[in-house]
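First the structure, in the form of structure tokens, and then the observations on it.
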Amino acid sequence: MGYAGVQIVAVALTVIGLVGSIVCCALPKWRESSFTGSNIVTAQVQQEGLWMSCVVQSTGQMQCKRYDSMLVLDTDLQAARAMVVISCMLSVLGMLVAFAGSDFTTCVQNESAKGKIILTAGIMIIVSGLLMLIPVSWSANTAIRAFYNPLVPQKMELGASIFIGWGAALLLIVGGGLLCCFRSKGGDGNYAAQYYSKNQPASAPSKNYV
């Protein structure tokens, strides 16, 4: 029962990471047009996301359009769609499992079972963090390579969603790691031994006869 405070912190980090993952998935700011070199047209900013692309005018007006087909997306964004959605679902499931087996709830009474449930939840949350980290890093690498490629006329920079995704992935990995490290180790055997020793009648002192 001494790990309840750490588990509450881990669940809180998971919740914040989940919110960041949802924001990263929803915002159309994975890539933004760059104004460097010969590309000096600043009247509008083009933004690309997982589900739509937007054009922001200098007046502040934004026009967004959903992609006509998933095949028009680059390979990294196609993979990011699947991995980010799976990451969000897995983090939600891991958080629910963590609530069921945590020390600050009474859903499970068996201490050994609680430790196994928390370990499972921690692994699920860590995997969800990795599933968030991979697509944002992949997309960032693609944007950076295209930025320094002289054959690419339209230069794109890293959008805000990339940095939000990195932060969300870090929070999920840290939260899952805390759950894996600070859990009940299963003291049923020790408890049974202590219970047996306490209830065992004291043996009579031995007498040495000469």
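Only residues that are of a type in the set (A, V, I, L, M) and at pLDDT below 90 were counted in the range 78-110, giving 2.
Of all residues in the range 155-164, none are farther than 25 Å from I22 by Cβ, part of a loop (DSSP other than H, G, I, E, B), at pLDDT below 90 and open to solvent by 60 Å² or more (accessible area, probe 1.4 Å). Scoring L73 on the criteria (1) under 18 Å from L158 (Cβ atoms); (2) open to solvent by 40 Å² or more (accessible area, probe 1.4 Å) leaves a single failure, condition (2). Of the residues S21, S102, the single one that is buried (at least 19 other Cβ atoms within 10 Å of the Cβ), of a type in the set (S, T, N, Q) and under 14 Å from the mean Cα position of the chain (by Cα) is S21. Does V92 satisfy being assigned to a helix (DSSP H, G or I), in contact with a Leu (Cβ under 8 Å, 6 or more places away or on another chain) and more than 18 Å from A169 (Cα to Cα)? No. Residue count for the range 124-151 under the criterion of being open to solvent by 10 Å² or more (accessible area, probe 1.4 Å), β-branched (V, I, T) and at pLDDT 95 or above: the result is 3.
Could you figure out which of (1) open to solvent by less than 80 Å² (accessible area, probe 1.4 Å); (2) touching a helix residue (DSSP H, G or I) at 6+ places or on another chain (Cβ under 8 Å) isn't true of I86? Against the list (1) open to solvent by less than 80 Å² (accessible area, probe 1.4 Å); (2) touching a helix residue (DSSP H, G or I) at 6+ places or on another chain (Cβ under 8 Å), I86 comes up short only on (1).
The values are calculated or read from the model by the stated rules, or taken from the named source; none is laboratory data. Quick caveat, the model's predicted, so the values are computed rather than measured. All Cβ positions, even for glycine, are placed from backbone atoms using ideal geometry, and neighbour counts span all protein chains on display. SASA here: full protein model, heavy atoms, side chains in, ligands and nucleic acids out. Shrake-Rupley method; radii C 1.70, N 1.55, O 1.52, S 1.80 Å.
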